[in-house]
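Please read the structure below before turning to the comments.
The values are calculated or read from the model by the stated rules, or taken from the named source; none is laboratory data. Computed from a prediction, not measured in an experiment: that's the story for all the values here. In this analysis, Cβ positions are derived from the backbone assuming ideal geometry, glycine residues included, and neighbour counts consider all displayed protein chains. Ligands, DNA and RNA are excluded from the accessible area calculation, which covers all protein heavy atoms including side chains. Shrake-Rupley method; radii C 1.70, N 1.55, O 1.52, S 1.80 Å.
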Amino acid sequence: MSIVGTRAARAAAGGAGLGLAVLSAATFSTSGTFASALNGAGWSPGAAVLVRVSVAALILTVPAVIQLRGRWALLRRNARAVAAYGLLAVAAPQVCFFNAVARIPVGVALLLEYLGVVLVVGWLWLRHGQRPRRLTVGGGAVAIAGLAMVLDLAGPGRINAVGVVWALLGAFGLASFFLLSAGGEREPLPPIVMAWAGMCFATACLAAVGGTGLLPITAGAGSVRLLGHQVSWIVPVLGLSLLAAVISYVAGIGAARRLGAKLVSFVSLSEMLFAILFAWLLLGQLPTAIQFLGGAFILGGVAMVRLDELRPSRAPAGPARPPAQQPELASSPGITASTAR
């Protein structure tokens, strides 16, 4: 393939990856609306998380089985990756976040959880030697500052130490989502299969913990209030499962495999922008001037990281390692040449 063709293919993959990352962030942002409706009707956070992943797993069963026809051995070979994804990337972040917001303001919890973006950069540096360049560091600082503006943290509210711990644990879970979504296996599972298998494992884990009583599971079958209307509880359950789980997780995996964990984690910050946009369009909650400014900061930070990803990497100082000692970093679907979830 010619150099021009290779560049065009990379540009096309990057464009598709960015589109999937934005779609993932947009659909993830709807989870708060649907979960709040269920919580207002007497559902416990544990019940909302359990129904979200279990119904999503059910929806994905048929397409996942179709993709696995004749390739069930591939699922067995990726059993460890599936278990890690289901536990660390699906179940843990949601449980930690719900426990955090029960003790500290939502804005503070989100800001602490999104420190997972910094953890992704740190992991790639420590594990793969990808030292962040100045443009990435600057973009990260700009994006985090913008997130703080969007969340409007100046409001009153005491900080509970236990809530902070839960939020920081959620940050590790969020970082795991990006890193595990990117995939580093020699034969990675298709995104639909990975999401389905991970959600099946997460459902089993959540049900087991719920059975011990450590995770309260309470739900009701009455009507709920959603966007100013009384609707059946089935409506927010389907929204939480289809939009905020099936589409968001599958799109997130696809984006991470095209762009790498680092860039996707920064694009995910746009989830807050979509949440504010939906509140504006559906609830008439007009964003403040500082939130508009914060949105510009987030987009600017993402653009800086994207530009850094497109810059050619400098050759490392000192003697180069022989090619035989560099087998997987450039060829792994989850660790692309630009980044080598």
Count of segment 87-120 residues which are open to solvent by less than 30 Å² (accessible area, probe 1.4 Å) and under 13 Å from the mean Cα position of the chain (by Cα)
11
Given the condition out of contact with any Leu (no Cβ under 9 Å at 6 or more places or on another chain), closer than 23 Å to Ala84 by Cα and among the acidic types (Asp, Glu), answer yes or no: does some residue in segment 178-186 qualify?
yes
Across (1) open to solvent by 40 Å² or more (accessible area, probe 1.4 Å); (2) in contact with a Phe, Trp or Tyr (Cβ under 7 Å, 6 or more places away or on another chain), Pro236 clears everything bar (1)
Quick one: which helices (runs of 4 or more DSSP H) lie wholly within segment 243-341 and hold at least 3 residues that are at pLDDT below 80 and open to solvent by 50 Å² or more (accessible area, probe 1.4 Å)?
270-283, 289-310
Can you say whether Arg76 is among the charged types (D, E, K, R), open to solvent by 50 Å² or more (accessible area, probe 1.4 Å), farther than 13 Å from Gly173 by Cα and part of a helix (DSSP H, G or I), as far as the supplied structure shows?
yes
Name the one entry in Val118, Val62, Val82, Val90 that is of a type outside the set (Lys, Arg) and modelled with pLDDT under 90.
Val118
Sort out which residues of segment 7-29 are modelled with pLDDT under 85 and either over 19 Å from Gly260 (Cα atoms) or crowded, with 16+ Cβ neighbours inside 10 Å (or both), and write them in order of number.
Gly14, Ser29
Of the residues in segment 189-202, those that are out of contact with any Gly (no Cβ under 8 Å at 6 or more places or on another chain) and assigned to a helix (DSSP H, G or I) come to Ile192, Val193, Ala195, Trp196
Residue within segment 150-157 that is under 26 Å from Leu293 (Cα atoms), open to solvent by 30 Å² or more (accessible area, probe 1.4 Å), at pLDDT 80 or above and of a type in the set (D, E, K, R) present:
no
Note on segment 217-273: residues touching a Pro at 6+ places or on another chain (Cβ under 8 Å), of a type in the set (Val, Ile, Thr) and farther than 30 Å from Gly140 by Cα are Val224
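What's the total number of residues in segment 214-242 that are under 30 Å from Pro191 (Cα atoms), outside any helix (DSSP H, G or I) and not β-branched (Val, Ile, Thr)? Spell out the reasoning first.
Our first condition is that a residue be under 30 Å from Pro191 (Cα atoms); within segment 214-242, this holds for 215, 217, 233-242.
Pick out the ones that are also outside any helix (DSSP H, G or I) and you get 215, 217, 233.
Right, trim to not β-branched (Val, Ile, Thr) and you get 215, 233.
Total meeting the criteria: 2.
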